[in-house]
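The values are calculated or read from the model by the stated rules, or taken from the named source; none is laboratory data. These numbers come from a predicted model, not from an experiment. Neighbour counts run over all protein chains shown; Cβ positions are idealised from the backbone, glycine included.
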Amino acid sequence: MIPHNIYAVGQVTGFAASVIFIVAFILTLWPGHKRLATAAVLYVVGMMAGWAFTVYFYIGSAQMVYGMSRMSVSSSPVATAILGSIRPIAIIGYAFAASALLWPSISQKKAVRRGKLVHLGIGLPLALLAGLSPLSSATFAFGVGWLVYALLWFRIRESYPCFFGSRD
């Protein structure tokens, strides 16, 4: 069941993610080996903090709808559970894929190519789904909110060859 103060929790996690992303961005202004590594770690922490509330909210909503679908003759609880879990699973996959591609041992060429696929193939559709949901808090930030993840990722990753050595 979703608690009454769920939106306050979402505001706190959103604020924490915003501060973490700002610090990570500032670290990329004066790149160095330790600063880029710290920015990459902060990016991962910020991404997890930013998406954790969303995943929690969608799983709670899916559980609530699942419970209501059992009372209806016309809807299937199994179909409701499966459809309700698609978005949280996609979000978790997106967060882990983008985070894993920041690992310095992955070659720059492969990481950037796969990063484009992850951000455009998973991140953009997730942003589009958030924009279609009228009750979503992400609807208000739909215009540019999803770009934070992609643009900061590319800013960090494209600075790697100077400090971690090019492997291509």
Residue hits (segment 24-38; of a type in the set (A, V, I, L, M) and over 14 Å from Ala98 (Cβ atoms)) are Ile26, Leu27, Leu29, Leu36, Ala37
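Looking only at segment 29-60, how many residues end up being of a type in the set (Ser, Thr, Tyr) and buried (at least 18 other Cβ atoms within 10 Å of the Cβ)?
Taking segment 29-60 and keeping what is of a type in the set (Ser, Thr, Tyr), we get 38, 43, 54, 56, 58.
Okay, now just the ones that are also buried (at least 18 other Cβ atoms within 10 Å of the Cβ), so 43, 54, 58.
The number of residues fulfilling the criteria is 3.
From the list Lys116, Lys109, pick out the single residue that is closer than 25 Å to Leu29 by Cα, exposed (fewer than 14 other Cβ atoms within 10 Å of the Cβ), at pLDDT 80 or above and more than 16 Å from the chain's Cα centre (by Cα). Lay out the reasoning, then the answer.
Working: Lys116 fails: more than 16 Å from the chain's Cα centre (by Cα).
Answer to the check: Lys109.
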Kindly indicate whether Val55 is modelled with pLDDT of 80 or more, closer than 28 Å to Ala111 by Cβ and either in contact with a helix residue (DSSP H, G or I) (Cβ under 7 Å, 6 or more places away or on another chain) or part of a helix (DSSP H, G or I) (or both). no
